Amino acid sequence: MRREFWGRAVRIQSLAEISGARLQNAPQIVSVDGFCVSPKEARRGSAFIARDEEEARVAVAAGAYAVIYEGDFEIFDFEVAFLRADNLNLALWRLARYFMTERGHSAALASPVQIAILRHLFLPKNAVILEREPDHAFMQIFRASEEGACFFSDDFSSLQKLSFEPVALGVRGVSNLNESSLFFCDLDMGGARYANLQFPPFFADELCGVCEFFASRGLDFRVRDLRDFPHFRAIFVNRFSRPVAFGTSERAFICESDPALFEREAAYLRGKNAKVKICAPKSLNLNFADVQFANPAELAKLNGFTYALALCDWNELFGSLSQERVEPSLFGDF
C-alpha cells in the first residue's frame, strides 16, 4: 500500500473533530483512509482538501470519500462527506499536528541561511525541509516515510502550529577553521574533515550548527555541491568587469539578496580591511553604502575595487555583466 494513505480507516466523525471542520450532510460513507490536495491524486477512499469546487467534483468522480473545504460549496454528492472549515489553513495545521504527534515527528527551527545549507546536503529520509504552503506542508507530514521524522523550517509561527516544543538548530563556533579565502574554508563537521570546501567561512558557524544537530541525533548526511549556495556568492571579473572563471581574477562582485545578511556581510568585509565597495539599490537609501544604483547593470562601470558587495540577485547581475558591450579601445574610435 502506498505511504500517502493511513493503512487503516479513520471515521468521518474523528476527522471532523481533529480538523475542526463541521460535517454538512449525512453521507453513506463512514470513514476515509488517506488525503490528497490534487484531484489527480484522488482515489477511492481518500479525503480531498479542496480549494476549488470544480476540482472537488473531479476528485469525487475519481473516488474521494470526503471533501474538506472552506466557503460555500454545493453538496453535489450526498454519498460523500462534506466537511466545512471556517479556515481551511487552520484545519490543515490541526490535522498536521495530529500526525506529528501520532507518528512521533519533531520540528526544528533553522535560520534562513541554515535552510539554504540544508538544501545543499544529501538528507536522510527522516529529515525534511517543510514547505511554506499549508497544503504542501500537511502532505509532507502525512506522507513522511519514516516514523520520528524531523521537519525543518525558518518560520517559527508554522512550527508552533505543529509542535509544543520546536527545537532550534543554533550555531556552533568552528574549530580548525582556515579562513585563507573569503570563498573557501577547511573545517571539521560532524566528525568529518572537509578541506578546501567552496563555501564562505562567513557562514561556517551556521553550517557547523546544522552538522552538530544531525550528529546529536545520529542522522547521516553528506555535503553535495555548494558552489551555487545563494548567499555571499561571487562573480569573478576581469578589468572590464566581464565574468571569468571562479577564482581566476583578483576582482569579484559578491552578491547578497537578503538585506539583513547584506548589512552583516558589509561589516564583515570592512573588518577584513579588504579593498571593498558596498553597493546597494538607491531605493533603500542605505547610508553605509559606497555606491547606490538604480539597476544592477550600472555596476558594470564600477572601478577601483577588489571586492564589491552588491545587494542584488546573482543571476540578474551575472546576466548584466555577461551582455555584449563595447570595450574601451587603446587608440579610441576611428
Is it true that some residue in region 199-209 is assigned to a helix (DSSP H, G or I), loosely packed, with under 15 Cβ neighbours inside 10 Å and modelled with pLDDT under 90?
-> no
Could you figure out which of (1) modelled with pLDDT of 95 or more; (2) loosely packed, with under 14 Cβ neighbours inside 10 Å; (3) assigned to a loop (DSSP other than H, G, I, E, B) isn't true of Pro328?
-> (1)
Could you tell me which residue of region 70-83 is surrounded by the fewest Cβ atoms within 10 Å (Cβ to Cβ), considering only residues that are over 19 Å from Asp33 (Cβ atoms) and in contact with a strand residue (DSSP E or B) (Cβ under 6 Å, 6 or more places away or on another chain)?
-> Ile75
Of the residues in region 32-47, those that are under 21 Å from Ser14 (Cα atoms) and under 26 Å from the mean Cα position of the chain (by Cα) number 3
Find all pairs meeting these conditions: Cβ atoms under 8 angstrom apart; at least six residues apart or on different chains; first residue within region 66-78 and of a type in the set (Ser, Thr, Tyr); second residue open to solvent by less than 10 Å² (accessible area, probe 1.4 Å) and not in a strand (DSSP E or B).
-> Tyr69/Ala50; Tyr69/Ala56; Tyr69/Leu88
Can Ala9 be described as modelled with pLDDT under 95 and either within 30 Å of Pro166 (Cα to Cα) or open to solvent by 80 Å² or more (accessible area, probe 1.4 Å) (or both)?
-> yes
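Test Asp86 against the criterion of being open to solvent by 10 Å² or more (accessible area, probe 1.4 Å), modelled with pLDDT of 95 or more and touching a helix residue (DSSP H, G or I) at 6+ places or on another chain (Cβ under 8 Å), and give yes or no. Can you show your working first?
Details: open to solvent by 10 Å² or more (accessible area, probe 1.4 Å): yes; modelled with pLDDT of 95 or more: yes; touching a helix residue (DSSP H, G or I) at 6+ places or on another chain (Cβ under 8 Å): no.
Criteria not met by Asp86.
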Can you pull out the residues in region 34-52 that are buried (at least 21 other Cβ atoms within 10 Å of the Cβ), farther than 9 Å from Ala64 by Cβ and not hydrophobic (A, V, I, L, M, F, W, C)?
-> Gly34
Among the residues of region 257-269, is there at least one that is polar (S, T, N, Q) and at pLDDT 95 or above?
-> yes
Cβ-Cβ below 6 Å, separation at least six or inter-chain, first residue in region 153-168 and β-branched (Val, Ile, Thr), second part of a strand (DSSP E or B) and at pLDDT 95 or above: which pairs?
-> Val167/Ala108
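Can you spot a residue in region 176-191 that is in a loop (DSSP other than H, G, I, E, B), farther than 24 Å from Arg270 by Cα and at pLDDT 70 or above?
Step one: list which residues in region 176-191 are in a loop (DSSP other than H, G, I, E, B), which gives 176-177, 179-184, 190-191.
Still in the running and farther than 24 Å from Arg270 by Cα: 190-191.
In the following step, the residues that additionally are at pLDDT 70 or above were identified as none.
Checking region 176-191: not a single residue is in a loop (DSSP other than H, G, I, E, B), farther than 24 Å from Arg270 by Cα and at pLDDT 70 or above.
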Out of the residues in region 186-232 that are under 27 Å from Gly247 (Cα atoms) and of a type in the set (S, T, N, Q), state the one that is nearest to the chain's Cα centre (by Cα).
-> Gln198
Limited to region 15-30, what total is found for residues that are open to solvent by less than 70 Å² (accessible area, probe 1.4 Å) and modelled with pLDDT under 95?
-> 1
Where in region 1-117 are there strands (runs of 3 or more DSSP E), lying wholly inside it, with at least 3 residues that are among the aliphatic types (A, V, I, L, M)?
-> 66-70, 81-85, 106-109
Could you list, in sequence order, all residues of region 276-285 that are open to solvent by 60 Å² or more (accessible area, probe 1.4 Å) and either under 24 Å from the mean Cα position of the chain (by Cα) or touching a residue at least 24 places away in the same chain (Cβ under 8 Å) (or both)?
-> Leu284
Val237: more than 23 Å from Arg172 (Cβ to Cβ), in contact with a Lys or Arg (Cβ under 7 Å, 6 or more places away or on another chain) and modelled with pLDDT of 90 or more, yes or no?
-> yes
Quick one: in region 221-275, which of the residues that are among the hydroxyl-bearing types (Ser, Thr, Tyr) and outside any helix (DSSP H, G or I) is least open to solvent (accessible area, probe 1.4 Å)?
-> Ser241
When you scan region 278-325, how many residues do you find that are polar (S, T, N, Q), touching a Lys or Arg at 6+ places or on another chain (Cβ under 7 Å) and modelled with pLDDT of 95 or more?
-> 1
Residue list for region 82-126, restricted to those being polar (S, T, N, Q) and in contact (Cβ under 8 Å) with a residue 60 or more places away in the chain | Ser106, Ser111, Gln114, Asn126
Top-ranked residue of region 233-245 - restricted to ones that are touching a strand residue (DSSP E or B) at 6+ places or on another chain (Cβ under 7 Å) and touching a residue at least 40 places away in the same chain (Cβ under 8 Å), ranked as nearest to Gln114 (Cα to Cα) | Arg233
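The values are calculated or read from the model by the stated rules, or taken from the named source; none is laboratory data. Treat the numbers as computed from the prediction; the structure is a model and nothing was measured. For neighbour counting, all protein chains shown are included, and Cβ atoms are generated from backbone atoms with ideal geometry for every residue, glycine included. For accessibility, only protein heavy atoms count, side chains too; no ligands or nucleic acids. Shrake-Rupley method; radii C 1.70, N 1.55, O 1.52, S 1.80 Å.
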